[in-house]
1. Does at least one position in region 217-231 carry a residue that is of a type outside the set (A, V, I, L, M, F, W, C), within 16 Å of ligand 1 (Cβ to nearest atom) and closer than 21 Å to GLU99 by Cβ?
2. Quick one: would you say VAL212 is touching a Pro at 6+ places or on another chain (Cβ under 6 Å), surrounded by 17 or more Cβ atoms within 10 Å (Cβ to Cβ) and not basic (Lys, Arg)?
3. Within region 130-165, track down each residue that is surrounded by 14 or more Cβ atoms within 10 Å (Cβ to Cβ) and either under 11 Å from GLN186 (Cβ atoms) or at pLDDT below 95 (or both).
4. Just need a number here: residues in region 35-63 that are assigned to a loop (DSSP other than H, G, I, E, B) and closer than 15 Å to LEU25 by Cβ.
5. With the requirement that a residue be surrounded by fewer than 22 Cβ atoms within 10 Å (Cβ to Cβ) and within 13 Å of ligand 1 (Cβ to nearest atom), what does region 54-69 give you?
6. Is it the case that region 54-75 has a residue that's aliphatic (A, V, I, L, M) and at pLDDT below 90?
7. Got a number for residues in region 70-91 being surrounded by fewer than 17 Cβ atoms within 10 Å (Cβ to Cβ) and either under 22 Å from ALA196 (Cβ atoms) or of a type outside the set (Phe, Trp, Tyr) (or both)?
Amino acid sequence: MHDCYNPPARFYDNLSPIMPRYVALIPAAGSGSRMRTELPKQYALLAGKPLLHHAVHVLCAHPRIEQVFIVLAPGDQRFGEYDWRACGTKLNVLYCGGETRAASVFNGLLAANDAIDGMDWVLVHDAARPCLRTTDVDRLIAEVGDSETGGLLAVPVADTLKRANAGGEVLQTEAREHLWRAQTPQMFRYRVLIEALRRADIATVTDESSAVEQTGAKPKLVQGSATNFKVTYPEDLALAELILKERG
Ligand code: CTP
Ligand code: MG
């Protein structure tokens, strides 16, 4: 995939600093294997809607975000079965998901190339984080929008951390100072992100920040909310539903 990517010359221009735009990209091409359901988890029913709908709706409704790109698996038959009109006209659907999350993001960035400028900010958000709030997005934009590199929502580790041996016994207690759990959205300039992913080992990179870190940059950590967790296991759906219902 990387071999066939030739960045257009404009990526290397001195791009005008005038009003960069904000766009969102939502990878939603996974299979949800840990959810252990036949349906990919992005279509699991949550508060009467497919899981994917919740994050898409928050990002489409955000006044600073101009366009929202969803990356689906090639041949996805389910997306079209739902009514997306409530998400308005910002929504763009790309059927170019890859083998890994990073490949899906990279393919989506390439496919959206004509619609995004190199200096525009891209907020990459997991479809599987349905409890994202507008205020989380506001904080990320406010704290990262002036930086060169970009940053991500994250929460400081609160629990005591244990390192285990292969037998599941405690080897030692690890210091938790300065440790954070990465969330999404992760927000980077289009040019920075696509170049970082092009250079990264796409099979092992699990978030955008780690690809950007590999270029030597230091993305900014922005305090997120515990409720913006990733629905991964079956029991997570019930918790997400409780949070969404409590918000009305
Ligand atoms: N994702 C993707 N393309 C992939 C793998 C994942 O677009 N090849 C997306 C998922 O749809 C999800 C997000 O990346 O919105 C976070 O991934 P994860 O929670 O790991 O979802 P899955 O990979 O679908 O689940 P699992 O790892 O349990 O199979
Ligand atoms: Mg996965």
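1. yes
2. yes
3. LEU140, VAL144, GLY145, SER147, THR149, GLY150, GLY151, LEU152, LEU153, ALA154
4. At the first step, the residues of region 35-63 found to be assigned to a loop (DSSP other than H, G, I, E, B) are 36-40, 44, 47-48, 62-63.
Still in the list and also closer than 15 Å to LEU25 by Cβ: 62.
Count: 1.
5. Restricting attention to region 54-69, the residues satisfying the condition of being surrounded by fewer than 22 Cβ atoms within 10 Å (Cβ to Cβ) are 54, 57, 60-67.
Matches in region 54-69: HIS54 only.
6. Of all residues in region 54-75, those aliphatic (A, V, I, L, M) come to 55-56, 58-59, 61, 65, 68, 70-73.
From what's left, at pLDDT below 90: none.
Looking for residues that are aliphatic (A, V, I, L, M) and at pLDDT below 90, one finds none in region 54-75, hence no.
7. 11
The values are calculated or read from the model by the stated rules, or taken from the named source; none is laboratory data. Please read these numbers as outputs of a predicted model, since none were measured by experiment. So basically every Cβ, Gly included, is an ideal-geometry build from the backbone, and we count neighbours across all protein chains shown.
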